[in-house]
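Read the figures in this text as sums done on the coordinates, not as results from a lab. All values derive from a computational prediction rather than experimental measurement. Every residue, glycine as well, gets a Cβ built from its backbone with ideal geometry; the counts of neighbours run over all protein chains shown.
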Amino acid sequence: MNFIPTKLSGCYILEPKIIQDSRGYFMESFNEKTFREGTGQDVRFVQDNQSFSARGVLRGLHYQTGDHAQAKLVRVLQGEVLDVAVDIRPESETYGQYVAELLSAENQKQLFIPRGFAHGFLVLSETATFFYKCDNFYNKESEGGIIYNDESLAINWQMESAALLISDKDKELPSFDKARKVW
């Protein structure tokens, strides 16, 4: 596994070693020891989530606050998405900055998003199956979110707004400056 640091401290792109032959391929998608050595972080994942979405579906930007903050290891099992992580840690040098990475079933890349980040993704293929591990259990009372088109973040979603399919709940998320603090 190749661990590539992003411009946001603690956030990594993971590129697996894929062994291919005439039968197909094999890869190790997660190994606790390798992960700890590659990121320098001791993360214990406790919950796996999976979603299926059509082209243009944008989910996010979501996070959990306080004691329920979550780190995530995200990947795409089928299709292609633009995955976005926003640093919302007030003490961070990269507070308010984001990284965007193309994740697909073809490239098998993963993105590790530590606690203190908002997360969202946009489906670029006809459909996509999105899978992620969390290091903390979901807690409804600890939900936080930021509107996807916040002007101060200026995220390039690579798709026209008119083509986006967004839940009513996500359309009503606050701007970055009015969003609930992560801690």
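Each Lys and Arg contributes +1 and each Asp and Glu -1, all at the Cβ; summed about the Cα centre of segment 136-177, the dipole is approximately 140 debye. Each helix, a run of at least 4 DSSP H residues, gives -39500 (n - 2.57); summed and divided by the residues of the chain, these come to -1500 deg cm²/dmol at 222 nm.
For a test of the definition: using alpha carbon positions, the gyration tensor, and the 1.5 limit on a/c, classify segment 1-94 as rounded, prolate or oblate. Oblate shape, in that a/c is at least 1.5 and b/c is the bigger or equal ratio. Using Cβ point charges alone (K and R +1, D and E -1), the dipole size of the chain about the Cα centre works out to roughly 280 debye.
Average 1/r across all pairs of distinct alpha carbons in the chain, invert it, and you get the Kirkwood radius: 16.7 Å. With contacts taken as Cα pairs under 8 Å and at least 6 residues apart, segment 44-178 reaches a relative contact order of 38 percent. Comparing A128, I113, N139 along the charge dipole axis of the chain, the residue lying farthest to the positive side is N139, per the Cβ-charge model.
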